[in-house]
Structures are given as structure tokens and as C-alpha cells.
Amino acid sequence: MSQGFIKSRILVADDDIVQRALLRMILEGEGYGITEVENGREAFEMLSEDPDLKFLITDLNMPLVDGFELIRNIRNKEVRYTYIIVLSASDGRDSLLKALSLGADDYLQKPVHPEELMLRLKAGERLLKLESHEELIFAMAKLAEYRSPETGYHLERVLHYTRALGRDLARNCPELRITAQEAEEIARLSPLHDIGKVAISDSILKKTGALTKEEYELMKGHTTAGGNLIKEIYEKTGSPYLRLAYEIVLYHHERWDGSGYPRGLAGEEIPLSARIVALADVYDAISSKRCYKAAQSHNRVRASIMEQEGEHFDPRVVAAFLRQEDMFVSIQERFQEQECIDACLSATL
Ligand SMILES: [Fe+2]
Ligand SMILES: [Fe+2]
């Protein structure tokens, strides 16, 4: 048996048996594996059960759970990205816009043309490939984080807090010129912020008591160590994405009033990406439990963040935080578990 490239498996959700048969014929002819369902409920169950299903082609009008509800459910609950292509009737412009705004990635008009369908699938495959690169970034960041007492879900929470702040600023602060796309990139790169801790010795990283002045100076070096690491790859590739990673890693401990490190930059000299991650990181550090300190309530953390407005934090980022408070609380609740136990165990190993 030949071991060629294994093509993706595709879930087709449509109540029209003829439409499903047509898609099956086209897709199987191209070597894709197909799973068919008749409504949104079955589709959602299938996607939850089968991690190999990363593509969905869905009709909008279906019984029980329709396509809109299905897209909403997937985007609310997904642990991995599902690429969603909507099948739209030619007259359904409004429903198409609604589907896209709920989070569909692409659409195809009926009747489906095989060549067009293939091109759309290729675009989806490219995106999913990028997605797996991001998972690799996250895995690397996690590896660096394992050595430090901030294990648990610190990185996941920082990513989600960063996303909430970035999206808010993209919507409400046009003067900052940050797009929704950039906000998303900053969020996805945020887990790397402490990657430079790989260069810090265990005796400092795992010390539970206060650091000496000398140890503190060494600890601060995680920003430049991480920055240098990423700069090297950045200079080879010239990728703007890595440039963004570099800024986050190097500058996430700078402070708005210029009293931070490593460079002592102030105000808008500090890249916006780093100003956003700084607040997300500090919010999480104060609001989480560690084995050497208790968690602080959201209200207390909010008070300290407000106190630090214009000192540690960019006032516009603080304003975004205040608009996104509920989101912060729900992210914290969602990624809350085992943290202290894990941290204490790893600190004693
Ligand atoms: Fe840091
Ligand atoms: Fe951190």
C-alpha cells in the first residue's frame, strides 16, 4: 500500500441528501475522507468526538440545530481550530454575512464547482498548517515555563487576557492603529514573553524566598536573553511576526513612566504589543495563587492596576482593561485549577 500524503478528513453537514452525495463524489475523487451528517447537532457531536476532523462544510438551513448555531457553538467551545466553509444559496447574502460574522472562514455558492471547492480547501489547509506552527510556539513557551514556579495555566490566561485587551483597543482606540489581525498575532505570541527564562539558573528561578539584589539583576536578564534568541531568528528570516515576538519578549517589563527594564523606555517608545502583554502578565501574576502567596480577588487586582495607571501601565491599556473586566474574570474562572499544587510539586522536584 502506498504511503502518500494523507489528505484531510472533511465533515459535511447538510440535510439535502443530493447535496451531500455531490460533495462526497467531488471530495472522494480528490482523495479526501468524508463524514456526512444531516444537521448541526450531529455535526457538533462529531467534531467534539473526532480530533481528526478539522474541516467542516456546512449548509445553513438544517433541522434541529442550524448552521448559524453550529458555527456559534464551535467557535465558543473549540479547543482546536475547525476550518468552516459555508454553503450558501445564491440569494442569501444576509445569511452569508451573518455566518461570516459568527466565525465561518469561507463560503461556497451552490451549485458547487469542483475546482473552486479544491482551491478553497487548499486555502484552509494553509491556514491550519499555520495553526500548527502556532501550537509549536506555544509548546516551546510551555517548555521554558515548566522550570519556573508559574506553571499551571499562566500562559493560557495571559494569551486570553492579551487577546481581550488587543481586540478592545482595535475597536475603541483608532489612534493606536492596531488592527484586529495584529491584536490576534500579539495574543498568539504572548506565551513567549518569558522564553528567556531558559537562560536563568534553577537556584534563582525556583527560589521561594526574596531574591538578593544580585540575583534580581540576573533574573532581569531573561528579557534580553529571550530577545537575543528571537532576534537571531528574526534577522535570518526578516519575518514581521518574529519582529513582534522580539518586542514582546524584550520589552514586557518596561514601564510607562520609564522605570522598567531592560532599556528604561517610556510611554510610546515601548511597543504597544509589550504594553498590552505587560498588563496581562501582571494581572495574572497578582490574581493567581502560588505556593508562596495567596490569590488576590479581582477587585483588589483592579485597584492595584488602576493605581499603576500612568506609572507601570499605559492609561489606554488600563482603560481597555476596565472595559474588559468581565472577560478577565471569566477567563480566570475558565483556567483555574491545580495551579498551586503543580507549582509546589515542581518547585520541590
Ligand atoms: Fe518576564
Ligand atoms: Fe509571565
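Name every residue in region 179-197 that is basic (Lys, Arg) and either within 16 Å of ligand 1 (Cβ to nearest atom) or in contact (Cβ under 8 Å) with a residue 60 or more places away in the chain (or both), in order of residue number.
197
Find all pairs meeting these conditions: Cβ atoms under 6 angstrom apart; at least six residues apart or on different chains; first residue within region 301-317 and in the same structural domain as residue 279 (by TED's automatic domain parsing); second residue part of a helix (DSSP H, G or I) and of a type in the set (S, T, N, Q).
Close Cβ pairs (under 6 Å, with a partner that is part of a helix (DSSP H, G or I) and of a type in the set (S, T, N, Q)) amount to 301/287.
Kindly evaluate residue 176 against the criterion of being in contact (Cβ under 8 Å) with a residue 24 or more places away in the chain and away from ligand 1 (no atom under 12 Å from the Cβ).
It is true that residue 176 is in contact (Cβ under 8 Å) with a residue 24 or more places away in the chain and away from ligand 1 (no atom under 12 Å from the Cβ).
If we scan region 249-264, do we find a residue that is surrounded by 15 or more Cβ atoms within 10 Å (Cβ to Cβ), in the same structural domain as residue 186 (by TED's automatic domain parsing) and closer than 19 Å to residue 179 by Cα?
Taking every residue of region 249-264 in turn, none turns out to be surrounded by 15 or more Cβ atoms within 10 Å (Cβ to Cβ), in the same structural domain as residue 186 (by TED's automatic domain parsing) and closer than 19 Å to residue 179 by Cα.
What's the total number of residues in region 151-169 that are open to solvent by 30 Å² or more (accessible area, probe 1.4 Å) and either closer than 17 Å to residue 318 by Cα or free of Cβ contacts under 8 Å to residues at least 40 places away in the same chain (or both)?
Adding up the residues that qualify gives 3.
Tell me which of these residue 198 doesn't satisfy, since it passes every other one: (1) open to solvent by less than 30 Å² (accessible area, probe 1.4 Å); (2) within 19 Å of residue 139 (Cα to Cα).
For residue 198, the failing item is (1).
I'd like the full set of residues that are within 16 Å of ligand 1 (Cβ to nearest atom) and open to solvent by 30 Å² or more (accessible area, probe 1.4 Å), limited to region 286-311.
Of everything in region 286-311, just one residue is within 16 Å of ligand 1 (Cβ to nearest atom) and open to solvent by 30 Å² or more (accessible area, probe 1.4 Å), namely 286.
The values are calculated or read from the model by the stated rules, or taken from the named source; none is laboratory data. Computed from a predicted model, the values in this text were never measured in an experiment. Quick reminder, even Gly has a Cβ in these numbers, built from the backbone with ideal geometry, and neighbours come from all protein chains shown. Side chains are part of the model used for accessible areas, which takes the heavy atoms of the whole protein and leaves out ligands, DNA and RNA. Shrake-Rupley method; radii C 1.70, N 1.55, O 1.52, S 1.80 Å.
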